[in-house]
Amino acid sequence: MKIALFIPCLVNQMMPDVAIATLSLLEKLGHEVIFPEGQTCCGQPMTNSGCFDEAKNTTLKLLNAFKGVECEAIVCPAASCLVAAKENFHEFDDSPEAKEVIDKLYELTEFLHDISPIPRFKYPFNHTVSLQMSCHGLRMLSLATPSESMGQQFNKVEAVLQGIEGINIVYPDRRDECCGFGGTFAVDEGAVSAKMGKDKAQAHAATNAQYVVGFDPSCLLHLDGMIRRQLLLIQTRHIAQIIDAAL
Amino acid sequence: MTQSKNHADKATIFCRDENRVDWHNKALWTLREKRDRAAASVPEWEDLRQLGSELKLHTLANLSHYLVEFEKNCQANGIHVHWAKDAAEHNQIALSILAKHQVKKLVKSKSMLTEECHLNPYLEKHGIEVIDTDLGERIIQLNNQPPSHIVVPAIHMKKEEVGDLFHEKLHTPKGESDPTRLTRAARAHLREQFLSADAAMTGVNMAIADIGAVVVCTNEGNADMGANLPKLQLHSMGIDKVIPSADSAMVLMRMLARNATGQPSTTYSSFYKGAKPGGEMHVIIVDNGRSDIMQDKILAESLKCIRCGGCLNTCPVYRRSGGYSYNYTIPGPIGIAVGAKHDETNSIPWACTLCGSCSYVCPTKVPLDKIIAHHRRLKAQQRTLPFGKSSYMPLVGKLMSSPTAFNCAMGSARIALRVLPHSLIKPFSGAWGKYRELPVAPKSSFDTWYKQNKANKSEAK
Ligand code: SF4
């Protein structure tokens, strides 16, 4: 399948390893991967703050980077950016070209579960991982049933990782409570955000897992800062890095 | 209460006592866990939520029809119905009814609406003694505080603090903190109040149009004590409380207590459809801004709320910032949804990470996270953004929309993170660095890596 990578600004600048792992794993799965130029922020920091006027130019720049790009899917290793891009594209541009882009947008886990399942992993991963079920992926992209919901239970993240031999998947206490990042919330509401992050980091560490594994880089970045501040014995990893290492 | 402080300031103060935060957090999370177990015991839970949502939407869409039907059927049952456009009118109506009967003492039960209207101080100013009779309400009334939660109003107080308060006000033994003994003391004290009251007033959980009745749900039976003892009974309700039929009440009642405290139903769920012999029953129907909320399609859905408090219990921010940080009578997600307009600091819509847990917990599917995000947009449009956002957001917008400028800025931030000692940049990195270690910055960005390693080999344009 021909895939265009959507690498949000945070991943591009602060977590290039996540982008490299995404690219690498998609190629190992036999996909042809391109990285369209001119990508920028999805506009989330602005639209989340209510500032739609300020978000417009940014969002449309990103949309333009994908318009007319020949590919079957646009894959992004960051759930909340993906959700924001989808919603913002729709908000600012309702042309057929925009719709074409929107319809091809997938979060990485979603893509690997729904569109192109991994047939077989090559290498085992003999570690315990504590899954960070970040809010936007969970409640807006339906990557798994949120704990509040009593309906049909499913979990795409677990389903994708379960194929890896030796992996032991666990969850922190209060399995999908928000980690407190919330974009500008981390700065505007510093005290509450930090307390939420502290509690979450401790809950992950209490599982005795080696890694906190998640699909949302921003939450992982926030948790990483909390983990190191408290000198906890656990490390953050993006799901793409785990999968890439096992392929 | 200092009204001028924004949510973040008040939350920062609350967070200083971490033990208290942990305790508050845990007490409320326990309710969420009880709720999960109760909801899971109903196989058709998600269908009920859908039904609850649709039935509230249907009623709201035909509100005037159902209100008129409710009024007509109430009158047929001999109930006096009054209409109040705002809090002031509500209070005047209540006072005039009480004055006519020369009421000296009023016993009141569970009503967030009368809190919203600030009825107590108004009546007290006019010489009427008001006694809140729900245990939690009575505790905070004795402590001179408003509720900090809509279902468990004194949740912020530890039992030792209640003990001290009761020692001072009800003369219980010093140092008594046993909940059973404290409750017993409160009960004895309240019994005297019930027996000497001239009138009773309650809130309304549901108002049933086709039979002209109001439903009041409590766990302590105090609303019934109040309503049944004195001759005069008053019930205050928002226009959003009306529902079509007793059947629809059953749908909501199956969820109300389960979602609030995990109980299958409240201990007492009473239907009042007329005065007792020789008595008088009044219902006051209040708008107080609700029809304004209905003008906005997104905000209107907040009127589906049945006030179970579930969204407060699940909210990770509420649990760690306390009810008094919200600058409105109703705190938490639903408090932001219905109170954002009244918050003079314009900060409460940002007291939220938009995690969406509230919307999934809500029995009537109030899209709380969407409503909160919408409030932010409205504030931006009205140019009432907090945290200096209105000054820096245009800059961020400019920066982000230019990949070159943005990458350049991020590039220098990365270099700063790599080269400068963290102690040097920490003060500049604001709240992030205050509470967390700064990110370990990579050497280069992905697009630089890509250009060096991939671009020539792939077909990227
Ligand atoms: S918004 Fe929903 S969850 Fe919150 S109090 Fe109202 S009914 Fe309960």
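The values are calculated or read from the model by the stated rules, or taken from the named source; none is laboratory data. Values in this document were obtained by computation on a predicted structure and should not be read as measured data. Reconstructed Cβ throughout: ideal geometry from the backbone, glycine too, with neighbour counts over all protein chains shown. In case anyone asks, the SASA skips ligands and DNA or RNA and just uses the protein heavy atoms, side chains included. Shrake-Rupley method; radii C 1.70, N 1.55, O 1.52, S 1.80 Å.
Based on what the data block shows, is B:Cys305 open to solvent by 10 Å² or more (accessible area, probe 1.4 Å), at negative phi, away from chain A (no Cβ under 14 Å) and within 7 Å of the ligand (Cβ to nearest atom)?
Details: open to solvent by 10 Å² or more (accessible area, probe 1.4 Å): yes; at negative phi: yes; away from chain A (no Cβ under 14 Å): yes; within 7 Å of the ligand (Cβ to nearest atom): yes.
Considered against the rule, which asks whether it is open to solvent by 10 Å² or more (accessible area, probe 1.4 Å), at negative phi, away from chain A (no Cβ under 14 Å) and within 7 Å of the ligand (Cβ to nearest atom), B:Cys305 comes out as yes.
Tally time: how many residues in region A:16-59 are of a type in the set (A, V, I, L, M), within 7 Å of chain B (Cβ to nearest Cβ) and not in a helix (DSSP H, G or I)? Even if it seems obvious, please write down each step before you answer.
Of the residues in region A:16-59, the ones of a type in the set (A, V, I, L, M) are A:18-21, A:23, A:25-26, A:29, A:33-34, A:46, A:55.
Right, trim to within 7 Å of chain B (Cβ to nearest Cβ) and you get A:19-20, A:34, A:46, A:55.
Those still in the list that are not in a helix (DSSP H, G or I) too: A:34.
Residues in region A:16-59 being of a type in the set (A, V, I, L, M), within 7 Å of chain B (Cβ to nearest Cβ) and not in a helix (DSSP H, G or I): 1 in total.
Would you confirm whether or not region A:184-206 contains a residue that is in a loop (DSSP other than H, G, I, E, B), within 8 Å of chain B (Cβ to nearest Cβ) and modelled with pLDDT of 95 or more?
no
Considering each residue of region B:348-365, count those that are more than 8 Å from every other protein chain (Cβ to nearest Cβ) and within 19 Å of A:Met46 (Cα to Cα), and give that number. Spell out how you get there, then give the answer.
Our first condition is that a residue be more than 8 Å from every other protein chain (Cβ to nearest Cβ); within region B:348-365, this holds for B:348, B:358, B:362-365.
From what's left, within 19 Å of A:Met46 (Cα to Cα): B:348.
Total satisfying the criteria: 1.
Which pairs have Cβ atoms under 6 Å, sit 6 or more apart or on different chains, and link a residue in region A:192-218 that is over 19 Å from A:Gln162 (Cα atoms) to one that is open to solvent by 10 Å² or more (accessible area, probe 1.4 Å) and aromatic (Phe, Trp, Tyr)?
So the pair list comes out as A:Ala194/B:Tyr435; A:Ser218/A:Phe181.
Tell me the residue from A:Phe35, A:Phe52 that is touching a residue at least 12 places away in the same chain (Cβ under 8 Å) and closer than 16 Å to B:Tyr450 by Cβ, please. Steps first, answer last, please.
Numbers: A:Phe52 fails: closer than 16 Å to B:Tyr450 by Cβ.
Among A:Phe35, A:Phe52, only A:Phe35 is touching a residue at least 12 places away in the same chain (Cβ under 8 Å) and closer than 16 Å to B:Tyr450 by Cβ.
Within the set of pairs 6+ apart or on separate chains, which have a first residue in region A:230-247 that is farther than 11 Å from A:Pro124 by Cα, a second that is small (Gly, Ala, Ser), and C-beta atoms under 6 Å apart?
A:Leu232/A:Ala201; A:Leu232/A:Ala205; A:Ile234/A:Ala205; A:Ala240/A:Ala21; A:Gln241/A:Ala21; A:Asp244/A:Ala21; A:Asp244/A:Ser24
Of these, A:Ala65, A:Ala55, A:Ala79, which one is among the small types (Gly, Ala, Ser) and closer than 16 Å to B:Ala380 by Cβ? Don't jump to the end; show me each part of the working.
Working: A:Ala65 fails: closer than 16 Å to B:Ala380 by Cβ; A:Ala79 fails: closer than 16 Å to B:Ala380 by Cβ.
Residue meeting the stated conditions: A:Ala55.
With region A:66-178 as the region, which strands (runs of 3 or more DSSP E) entirely inside it contain at least 1 residues that are hydrophobic (A, V, I, L, M, F, W, C) and closer than 30 Å to B:Asp22 by Cβ? Please lay out each step first, then the result.
Numbers: elements: A:73-76, A:105-107, A:128-132, A:168-170.
Passing ranges, in order: A:128-132, A:168-170.
Could you check B:Arg187 against (1) closer than 27 Å to B:Arg258 by Cα; (2) free of Cβ contacts under 8 Å to residues at least 60 places away in the same chain; (3) surrounded by 15 or more Cβ atoms within 10 Å (Cβ to Cβ) and say which number it fails?
(3)
Based on what the data block shows, is B:Ala94 part of a helix (DSSP H, G or I), open to solvent by less than 20 Å² (accessible area, probe 1.4 Å), in contact with a Leu (Cβ under 9 Å, 6 or more places away or on another chain) and more than 19 Å from B:Asp247 (Cβ to Cβ)? Show your work before the answer.
Details: part of a helix (DSSP H, G or I): yes; open to solvent by less than 20 Å² (accessible area, probe 1.4 Å): yes; in contact with a Leu (Cβ under 9 Å, 6 or more places away or on another chain): yes; more than 19 Å from B:Asp247 (Cβ to Cβ): yes.
Yes; evaluated as a whole, the condition is true for this residue.
Since B:Lys370 meets every condition but one in (1) farther than 19 Å from B:Thr314 by Cα; (2) open to solvent by 40 Å² or more (accessible area, probe 1.4 Å); (3) within 16 Å of the ligand (Cβ to nearest atom), which condition does it not meet?
(1)
One residue is enough: does region B:268-286 have a residue meeting the conditions within 13 Å of the ligand (Cβ to nearest atom), under 24 Å from B:Gly52 (Cβ atoms), touching a helix residue (DSSP H, G or I) at 6+ places or on another chain (Cβ under 9 Å) and assigned by TED's automatic domain parsing to the domain that holds B:Thr218?
Applying the first criterion (within 13 Å of the ligand (Cβ to nearest atom)) to region B:268-286 yields none.
No: region B:268-286 contains no residue that is within 13 Å of the ligand (Cβ to nearest atom), under 24 Å from B:Gly52 (Cβ atoms), touching a helix residue (DSSP H, G or I) at 6+ places or on another chain (Cβ under 9 Å) and assigned by TED's automatic domain parsing to the domain that holds B:Thr218.
Evaluate region A:166-175: report whether one residue or more is free of Cβ contacts under 8 Å to residues at least 24 places away in the same chain, facing chain B (nearest Cβ under 8 Å) and open to solvent by 10 Å² or more (accessible area, probe 1.4 Å).
No, region A:166-175 contains no residue that is free of Cβ contacts under 8 Å to residues at least 24 places away in the same chain, facing chain B (nearest Cβ under 8 Å) and open to solvent by 10 Å² or more (accessible area, probe 1.4 Å).
Quickly run through region B:223-266 and pick out the residues that are crowded, with 18+ Cβ neighbours inside 10 Å and either β-branched (Val, Ile, Thr) or in contact with an Asp or Glu (Cβ under 6 Å, 6 or more places away or on another chain) (or both).
Once the filter is applied, which keeps residues that are crowded, with 18+ Cβ neighbours inside 10 Å and either β-branched (Val, Ile, Thr) or in contact with an Asp or Glu (Cβ under 6 Å, 6 or more places away or on another chain) (or both), region B:223-266 yields B:Pro230, B:Leu232, B:Ile239, B:Val242, B:Ile243, B:Val251, B:Thr261, B:Thr266.
Taking the conditions exactly as written (out of contact with any Ser or Thr (no Cβ under 7 Å at 6 or more places or on another chain) and within 16 Å of the ligand (Cβ to nearest atom)), does B:Ser248 satisfy them or not? First the steps, then the outcome.
Numbers: out of contact with any Ser or Thr (no Cβ under 7 Å at 6 or more places or on another chain): yes; within 16 Å of the ligand (Cβ to nearest atom): yes.
When the stated conditions are applied, B:Ser248 passes them.
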